[in-house]
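Here is the structure we will look at.
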Amino acid sequence: NLSVKLERAFKTLKGQGSITEVNVATTVKEIRKALIDADVNYKVAKEVTDTIRQKALGQQVLVSVSPGQLLTKIVDEELTSLMGGEKVDIDIKGDPAVILISGLQGSGKTTFSGKLANMLKKQNRQVLLTACDVYRPAAIEQLKVLGEQIDVEVYAETDHRDPLKIAKNALAHAKAHNKKIVIVDTAGRLAVDEEMMQEITLLKEHLNPSETLFVVDSMTGQDAVNTAKTFNERLNFDGVVLTKLDGDTRGGAALSIKTVVNKPIKFISTGEKMEAIDIFHPDRMARRILGMGDVVSLVEKAQQTFDEEEAKRLNKKIRKNQFNFNDFLSQLEQIKKMGNIKDLVGMLPGMNKALKGIDIDDDSFRPIEAIIKSMTVKERENPDLINGSRRKRIANGSGTSIQQVNNLLKQFGDMRKLMKTMNKMGGGKRGLANLN
Ligand code: GDP
Ligand code: MG
């Protein structure tokens, strides 16, 4: 599974202070391997990982996000752009508009025709399904059953085997019966052959469809890409439908098809039911492939608001074991700037579970801030100066209890110890947010 492999690749970067030539090279190599294992075309995998490496090396590492998280965001952006960036709608033009469905036998054409008809019908459009797979009687029956199920009329002729004639009659029928969209389901073969290509090309020439879709089974991996290439060379289709993305399917086909044929994926099919159809969104697909919580939005949020200079300054202090309560206060300010604390914490994978039942909001920081602000500047710089009677006065001054003051001092002491240890191990480049 691609997302599991990518997650493993990112682990290499976890616990590393910054993105360097060395750690990025290792991770990028693993990402490339994961993509190729998931049936992504070798050339495509190489190109995308080269871009990822370049972008990663040019990035400033922020205190609040780990290099692994930052790289996740870069990979997400690259995968999204690899799959076309933005969603592309189908073209529905003409009176009636014709949507031609092409692809190999078993790819899911008939099922998809039904699903698309159902989707359009729900948008209050008048749809006619047309059965042009004339070689197997069962194929016509299959479409009729689906049509009944979704309550869409199916046009079929069973006394001859001329798909073009059927399709033309279907268009006339549509005009006469006020149907605005005609979906033409066609015959496929088990493999690409000349007869099938001639038939589908003929249909396209004479029906003048505003949208020709190529349906492909995503479980066929690298073959899917090759078939897409062949069909596109002959048919010059407008968009791709990826089927059978439910179950154990590898995402590789989705990643390479757009690059190889330069045509957008427009729909995905995720099951046999008529509702199992989705408009293809490259960004959603990338996130699904990455499957790592919403790290991407977290990084975006952090980048939007985090003051880079301040981050660098804090980093330096941490490295020199000089991190004090003033710095802590400043970091709290930064965290609060990022918005709702609970949202922010919830975006970290695994954190939601860990924090279940614990109430975190901006208010949780209020007593901490009050306590720190009740200290003198000297005390903030050197908390060891705070003795028993000072603790009492700080508690009084901040409207908290001695217990709360003691807790904060203890936690801060522990945190500084941890930072010291990390500095000794050479891993102290990261900021506070990554220490817990
Ligand atoms: P056609 O030969 O291209 O018309 O393919 P069909 O529409 O007849 O589909 C072939 C088989 O794949 C049928 O058993 C469908 O139920 C099944 N199928 C189609 N789309 C999907 C899908 O998205 N997911 C799954 N799991 N099965 C599908
Ligand atoms: Mg069929």
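Given the pairs Lys144/Lys180; Lys115/Lys180; Lys93/Lys175; Lys320/Lys392, which are separated by over 25 angstrom at their Cα positions? Result: Lys320/Lys392 exceed 25 Å.
Its residue count N sets the reference 2.2 N^0.38 Å, and the alpha-carbon radius of gyration of region 97-280 equals 0.95 times that reference. Over all projection directions, the Cα-based convex hull of region 126-229 averages an area of 7.3 nm².
Exposure proxy for Tyr42, Tyr135: other Cβ atoms within 10 Å of each Cβ, ordered fewest to most, give Tyr42, Tyr135.
Length gained on full extension, Arg125 to Ala138, computed as 0.36 nm times the residue gap minus the Cα-Cα distance: 1.9 nm.
By the beta-carbon count within 10 Å of each Cβ, the least crowded to most crowded order of Thr230, Thr220, Thr186, fewest first, is Thr230, Thr220, Thr186. Evaluated with a Cβ-only charge set (Lys, Arg +1; Asp, Glu -1), region 174-260 carries a dipole of roughly 360 debye about its Cα centre, given to the nearest 20.
For the set Lys165/Lys204; Lys46/Lys266; Lys316/Lys373; Lys109/Lys266; Lys317/Lys424; Lys55/Lys317, the pairs lying more than 18 angstrom apart at their alpha carbons are Lys46/Lys266; Lys316/Lys373; Lys55/Lys317.
Sorting Arg125, Arg416 by the number of Cβ atoms found within 10 Å of their own Cβ, with the fewest placed first, yields Arg125, Arg416.
A short reminder: the numbers here are calculations on the coordinates, not readings from a lab. Bear in mind that the values here come from a model prediction, so they are computed numbers and not experimental data. Cβ sites come from the backbone with ideal geometry, for glycine too, and all protein chains shown count toward neighbours.
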